[in-house]
Amino acid sequence: MRAAGAAFEQRACAELQRAGLKLLARNYTTRYGELDLVMLDRDTVVFVEVRHRLSSSRGDAAASVNAAKQAKLTRTAQLWLVAHPQHAQRACRFDVVCYDGPNDHATMNWWRNAFDAA
């Protein structure tokens, strides 16, 4: 499962880089949670959560980024900014890149500014 997650994170990273974003960090981990990707979109720091759902029986991948997950991402992003003060004054946003379906045929959706920091 972890290998599949890493593969989807790599796919998302490559797609976002093709769209012009620059990778700043991957798998930044704290006791509060993990940021899959931290990227720079012009002057905006983008915290990217990558999700995959093989089946929609429990909702699609986007639905899995609930309020509790958003709170963890927000807290972890705050800690990343403290650890990287050169980016602390930049605008920030939270994007979610979702893959739904079987690994080799998963459909990607990129939700820019998917939620606001609480």
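Values for this structure:
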item	result
Single residue of L73, L81, L54, L40 found to be more than 18 Å from E15 (Cα to Cα) and in contact with a His (Cβ under 9 Å, 6 or more places away or on another chain)	L81
Which numbered condition T76 fails, given (1) surrounded by 18 or more Cβ atoms within 10 Å (Cβ to Cβ); (2) without any contact (Cβ under 8 Å) to a residue 12 or more places away in the chain	(2)
Yes/no for G59 being exposed (fewer than 15 other Cβ atoms within 10 Å of the Cβ) and at pLDDT 95 or above	no
Flag if T107 is modelled with pLDDT of 85 or more, of a type in the set (S, T, N, Q), closer than 22 Å to Q10 by Cα and surrounded by 12 or more Cβ atoms within 10 Å (Cβ to Cβ)	no
Qualifying positions in the stretch 79-118 - acidic (D, E) and out of contact with any Ser or Thr (no Cβ under 8 Å at 6 or more places or on another chain)	D95, D104, D116
Test: residue in the stretch 16-24 that is modelled with pLDDT under 95 and closer than 19 Å to G5 by Cβ	no
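The values are calculated or read from the model by the stated rules, or taken from the named source; none is laboratory data. Everything quoted here is computed from the prediction, not taken from an experiment. Heads up, the Cβs are rebuilt from the backbone with ideal geometry, glycines too, and the neighbour counts pull from every protein chain shown.
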